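To start, the structure under review is shown below, and the notes come after it.
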Amino acid sequence: VLPKGYNSIPAFHKKLLESKRILAVCGAGLSAASGLPTFRGAGGLWRNHNATDLATPDAFEDDPGFVWLFYAYRRHMALTVKPNPGHYALAALAEKNPDFLCLSQNVDNLHVRAKHPPSQLRLLHGSLFDIKCSNTPKCEYIERNNTADPFCPALSAASEDVEPGQTLPLLDPKHELAHIPASELPKCPECKTGIQRPGVVWFYEPLDKDMLDEIEAWINEDVVDMVLVVGTSSVVHPAAGYAERTRTKGKTSIVTVNMELDTQSKRKMREGDFFFIGDAAVLLPQLLE
Ligand code: BJW
C-alpha cells in the first residue's frame, strides 16, 4: 500500500520548505529528455551489446578499439545535446541551499554545463571527458575535460553526422566495423606503456576514495531531511544504497522521480516518502520551483 499523499505536490512543497539538508542521487533518466539513452531497458542496447557489458575492464582489455568506439560515440552525443530543465532545477536548488549535495552517476557533463556549483556536485562514476591511463591505479595519469571530437583519428566513425532520419553506420549492427587495433589508440603520455581510456568507473572498479570519504562525512555530519532519487534504477552500488542509508529515525523523506513506479520502490516506501511518476525534466522544475 502506497503512503497517503505519496504523489501530492503541495505536501511535497511543505516538506521541501521544512528541509534543510538535502541529498540527491541522480541517474541516466535525468539526461533522457536531453536525448541520451539510459543503460537498462529499451535504450540500453548498442550494436546488439548491452551497454552495461561494455562498461567493464574486461571488455576494454578484450577489444579496446570497440569499447572506445562506444565511448567516443557517447562523447560525441553528450557534446551534441544540452542540459535540460531538470539539470537546471537541481543547479538552482544548489545555488539557493548550501546544504544541498548532488551525487550523480551520470558521466555526460550536463550538470556541469547547467552550472551546478562544483562544491555541491560529486560525479560518482567519473566523466566521459576525463581521460585516464589503462594502467590505472598503477599509473595515476588523468587529463580533465578533454572534449576532442573525434577523440583520435581512429575513432572518427563515432563523430560523423548523418541527415535526420538516417542511421549512423556505426549504430547499424548490420554494418561491419573495421577492427581498431590498440596501436591506433593514443598512448599514456606519462607511463608510455598503457593506452588512454575513458575516465569513467567501470564495474568492479573502485570509486574515488577521497570522494567516497567526503560523501560519508557529509551524510554523517547531521540529519538529512530529504533525499531526491532521480532517474535511476537504483541497482548499481554504492549509489543505490545512499537513500536508505541516509534515513534517520524516520525523519528523512525519500522522494523518487522516475518514469516508472517499480515493485521494489513500492515496497520500500514509508510514510512521508514521495514518488512522482514522469519525466524528470518536467517534474523537477515543478517540484523545486
Ligand atoms: C527516467 C526517465 C525520465 C528513464 N525521467 N526517469 C553491493 C551489492 C551488490 C553489488 C555490489 C555492491 N557493491 C559493489 C557491487 C558491484 C557493482 C554493482 O553495483 N553491481 C550491481 C549491478 C549488482 N558495483 C561496482 O562494481 C562499483 N564498484 C565498486 O563498488 O567497487 C568496489 C567493489 C567492487 C566489486 C565488488 C564489491 C565492491 C562500480 C559501479 C560502476 C558503474 N558503472 C556504470 C558505467 C559508467 C561508465 C559509463 O557511463 O559507461 O555506471 S554501469 C551504469 O549503471 C552506469 C550508470 O551510472 C549506472 C546506473 O545506471 P542508472 O543511471 O540507474 O541508469 P538505468 O538505465 O539503470 O536506469 C534509468 C532509470 O531512469 C530507470 O529507472 C528509468 O525508469 C528511469 N527513466 N527516463 C525520469 N525521462
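Rule-based calculations on the coordinates, nothing more; no lab input. Quantities reported herein were computed from a predicted structural model and do not represent experimental measurements. Here the Cβ positions follow ideal geometry from the backbone for every residue, glycine too, while neighbour counts run over all protein chains shown.
Just a few scattered comments:
- For segment 47-107 and segment 144-173, distance of Cα centres in Å: 16
- If you sort the three axes of the alpha carbon gyration tensor as a ≥ b ≥ c, you get a/c of 1.5 or more for the chain and a/b above b/c, which makes it prolate.
- Computed helical MRE - 222 nm, the chain, DSSP H runs ≥ 4 contributing -39500 (n - 2.57), nearest 500: -8500 deg cm²/dmol
- Helices of the chain meeting both criteria, an alpha-carbon length of 15 angstrom or more along the long axis and an average Kyte-Doolittle score not below 0.0, with helices taken as full DSSP H segments, are 64-80, 85-96.
- 3J(HN,Hα) along segment 169-183, derived from phi through the Karplus expression 6.51 cos²θ - 1.76 cosθ + 1.60 where θ = phi - 60°, amounts to x, 4, 8, 8, x, 6, 7, 6, 9, 6, 5, 9, x, 4, 5 Hz, with x in place of Gly and Pro.
- Sites matching chymotrypsin sites (Phe, Trp or Tyr not before Pro) across segment 97-151 that sit in DSSP coil, with at most 13 neighbouring C-beta atoms within 10 Å: none
- If the segment from Glu95 to Asp210 were pulled out straight at 0.36 nm per residue, it would be longer than the present Cα-Cα gap by 39.0 nm.
- Prolate/oblate/rounded call for segment 244-289, Cα gyration tensor, a/c under 1.5 rounded: oblate
- Each Lys and Arg Cβ is given +1 and each Asp and Glu Cβ -1; about its Cα centre, segment 1-124 then shows a dipole of about 740 debye.
- Neighbour-count ranking [beta-carbon atoms within 10 angstrom, fewest first] of Glu260, Glu216: Glu260, Glu216
- 12 Å reach of a label modelled at Arg247, 7 Å along Cα-to-Cβ, counting backbone N of segment 266-289: 266-274
- Stretch gain in nm, segment Ser156-Leu2, where the contour uses 0.36 nm per residue and the Cα spacing is subtracted: 50.4 nm
- Remark: Cys133, Cys191 ranked as Cys191, Cys133, counting other beta-carbon atoms within 10 Å and listing the fewest first.
- The GluC sites (Glu not before Pro) found in segment 63-144 that occupy coil by DSSP, while having at most 15 further C-beta atoms within 10 Å, are Glu140.
- Contact order normalised by residue count of the chain, Cα under 8 Å, 6+ apart, percent: 28
- Reachable lysines, given that their alpha-carbon falls under 27 Å from the alpha-carbon of Lys82 and they are not under 8 places away in the same chain: Lys96, Lys115, Lys132
- Placing +1 on the Cβ of every Lys and Arg and -1 on the Cβ of every Asp and Glu, with no other charges, gives the chain a dipole of roughly 940 debye about its Cα centre.
- Segment 83-194: relative contact order as a whole-number percent, Cα under 8 Å and 6+ apart: 18
- Measuring nothing but how far apart in sequence close Cα pairs (under 8 Å, 6+ apart) lie, relative to its length, segment 130-185 scores a relative contact order of 22 percent.
- Farthest toward positive dipole pole in segment 55-115 [+1 Lys/Arg, -1 Asp/Glu at C-beta], among Asn97, His111, Leu79: Asn97
- Computed E for Gln286/Cys139 - FRET, C-beta separation, R0 41 angstrom, nearest 0.05: 0.30
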